[in-house]
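**Student:** The structure is given below, and queries will be raised subsequently.
Please treat every number below as a calculation from the coordinates, not as lab data. A quick note: this is a predicted structure, and the numbers were derived from the prediction, not measured. All Cβ positions, glycine included, derive from the backbone under ideal geometry; neighbour counts span all protein chains shown.
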Amino acid sequence: MSLVGTAPAIDLRRAPLVELRAVDMRAPERDFWADEAALWDRLVSTWAGLDDAAWRIPGASTSDAGGPDWSLAEHIGHLAAWQGLAEVYTRNAIATGRWPSDEDYDGGDFDKFNERLREPWRSLSSDTIVARFAASRRGLLRQANRLTASAIRGDNEWGWVYLALHGHYLDHLTVIETWTAALRARQADGDPFVADPRTPDLGTFMARDELANSTLEGLLAVVPFDRWESVEVTPGWTIRDHVAHLADWAEEGVRAIQVYRLEHRWLADPVEGVDAWNERMVERSRPVGPVATLARYERARTAMHDAVATLTLTELRSPEGWSWAYDCLYGHVRKHLVLLGPWCAAASWPDPTA
């Protein structure tokens with residue numbers, strides 16, 4: 001069943017949240033399914049590029065039941081859990097005509113009930129949480145699609161269906177957008193979100209680099225090459241510039257390890273300063289197109305893997321060795337993941353001017 005109408009001109013994916021909160025989502029001219037899809041896109045973009053470890057950092061919000069502060073994992077898990085509950089009660093309501101009441105959930109004490117929903121989410125990986133969330137959404141949408149246009153806007157249905165779909169997204173976006181912005185800033189500044197980011201062995205180091213690079217590839221894959229040079233993703237830099245910059249430092253890391261092997265010393269930062277070096281190197285490579293830039297990055301990353309493999313574990317975990325190895329491979333990639341992530345996630349969104 002489709003609830004389609006002529007909606008007021010507001011871009012739910014991009015407009016300020018305060019404007020979204022002023023929209024009457026229940027109005028007959030709203031397209032229920034398009035609104036849900038738009039707010040889902042907006043929600044998913046908030047965590048694009050964030051480390052798995054960032055999901056478990058407490059501080060997203062306080063607990064209304066007096067427990068520890070909530071994390072991103074618990075917020076997204078909470079949304080997923082309620083969609084799982086809603087799939088069941090919507091299916092039952094369609095069969096029996098009975099919708100739940102507040103009393104069905106700890107006698108109406110939702111704070112207490114929600115506190116019990118924090119596990120298993122706080123212990124799961126971010127990939128698992130997102131996969132379960134997507135599955136619970138699909139299940140609830142299947143049930144909601146069985147309702148008629150008039151029924152879904154009824155008092156019972158609206159309160160229990162809308163508020164488990166985009167109504168719930170909107171409630172939590174107020175917290176999640178602010179919190180993920182703070183986490184992205186920390187990650188872009190190099191915060192590892194753990195006390196000691198050094199790996200216990202080379203195999204773990206390489207596995208973490210593969211994971212970060214796989215995440216980067218996934219983000220870049222949704223952006224056609226013709227947009228790699230046409231749009232600034234961050235001030236003054238396109239996607240091509242970001243990838244070239246990653247290649248620059250991977251190549252510099254290879255050189256640093258070669259100098260260490262030959263001269264038993266680690267290179268210092270560029271004399272001109274890191275920011276000036278970055279700009280000069282990116283400007284120098286701008287005549288090179290996206291395809292060749294990506295190929296150069298892949299070659300540089302492979303060469304850096306080979307160079308790191310020549311280090312002993314003691315050399316790798318030393319302050320200088322770790323700085324060059326980590327900060328020229330996945331330590332560097334993870335900084336750019338949070339700069340590119342939200343933009344790449346939004347790259348396939350509908351054009352609001354179309």
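**Student:** Apply the a/c threshold of 1.5 to the C-alpha gyration tensor of region 1-102 and tell me whether it is rounded, prolate or oblate.
**Tutor:** It comes out oblate by the Cα gyration axes.
**Student:** Neighbour counts of other C-beta atoms within 10 Å: give me Lys335, Lys112 arranged from fewest to most.
**Tutor:** Lys112, Lys335
**Student:** If I model a spin label as a point 7 Å beyond the Cα along the Cα-Cβ vector, how far apart are those points for Glu283 and Asp11 in nm?
**Tutor:** The two pseudo-label positions are separated by 3.2 nm.
**Student:** Now for a different question. Filter the GluC sites (Glu not before Pro) in region 191-231 to those in DSSP coil with at most 16 other Cβ atoms within 10 Å of their Cβ, and list the result.
**Tutor:** Glu229
**Student:** Next question. For the chain, what value does the Rg/Rh ratio take when both radii are computed over Cα atoms and Rh is the Kirkwood radius, given to two decimals?
**Tutor:** That ratio is 1.05, to two decimals.
**Student:** Calculate, in nm to one decimal, what Asp275 and Val88 gain on full extension: separation in residues at 0.36 nm each, minus their alpha carbon distance.
**Tutor:** The Asp275-Val88 span can extend by a further 61.8 nm.
**Student:** What is the local net charge at Leu313, summed over the other residues whose Cβ is closer than 14 Å to its Cβ (Lys, Arg +1; Asp, Glu -1)?
**Tutor:** That works out to 0.
**Student:** Could you tell me how many cubic angstrom of Cα convex hull volume region 85-144 has per residue?
**Tutor:** Dividing the Cα hull volume of region 85-144 by its residue count gives 78 Å³.
**Student:** With all distinct Cα pairs included, what does the Kirkwood hydrodynamic radius of region 292-354 come out to in Å, to one decimal, could you say?
**Tutor:** Final number for the Kirkwood radius of region 292-354 is 14.0 Å.
**Student:** What angle do you read, to the nearest 10 degrees and between 0 and 90, between the alpha-carbon axis of helix 32-45 and the longest principal axis of the chain?
**Tutor:** 30 degrees
**Student:** Also, quick follow-up: Rounded to the nearest 0.05, what FRET efficiency do Ser323 and Ala346 have when you use their Cβ-Cβ distance and R0 = 51 Å?
**Tutor:** Efficiency computed from Cβ-Cβ geometry: 0.95.
**Student:** Give me the angle, in degrees from 0 to 90, between the Cα long axis of helix 274-285 and the longest principal axis of the Cα atoms of the chain, rounded to the nearest 10.
**Tutor:** Roughly 90 degrees, rounded to the nearest 10.
**Student:** Let me ask something else about it. What is the percent of Cα-Cα separations in region 202-346 that go past 20 Å?
**Tutor:** The share of Cα pairs beyond 20 Å in region 202-346 comes to 47 percent.
**Student:** Estimate the FRET efficiency between Arg21 and Ala303 by the formula 1/(1 + (r/R0)^6), using the beta-carbon distance for r and 41 Å for R0, to the nearest 0.05.
**Tutor:** 0.20
**Student:** Pick out, in residue order, every one of the trypsin sites (Lys or Arg not before Pro) in region 14-80 that is DSSP loop and has at most 15 other C-beta atoms within 10 Å; say none if there are none.
**Tutor:** In loop regions of region 14-80 (DSSP not H, G, I, E or B), the sparsely surrounded trypsin sites (Lys or Arg not before Pro) are Arg14, Arg21, Arg26.
**Student:** Just add up the charged neighbours of Arg153: K/R +1, D/E -1, any other residue whose Cβ is under 12 Å from the Cβ of Arg153.
**Tutor:** Neighbour charge sum, excluding Arg153 itself: -2.
**Student:** When Asp111, Asp52, Asp24 are ordered from fewest to most other Cβ atoms inside 10 Å of their Cβ, what list results?
**Tutor:** Ordered by Cβ neighbours within 10 Å, fewest first: Asp24, Asp111, Asp52.
**Student:** What list do you get for Asp69, Asp31 if you sort them by fewest beta carbons within 10 Å?
**Tutor:** Fewest-to-most ranking of Asp69, Asp31: Asp69, Asp31.
**Student:** If one takes the longest principal axis of the Cα atoms in the chain, at what angle in degrees, from 0 to 90 and to the nearest 10, does the Cα axis of helix 72-96 lie?
**Tutor:** Tilt of helix 72-96: around 30 degrees.
**Student:** Expected output is a single nm value to one decimal: the length gained when fully extending between Trp266 and Arg116, i.e. 0.36 nm times separation in residues minus the C-alpha distance. What is it?
**Tutor:** 48.8 nm
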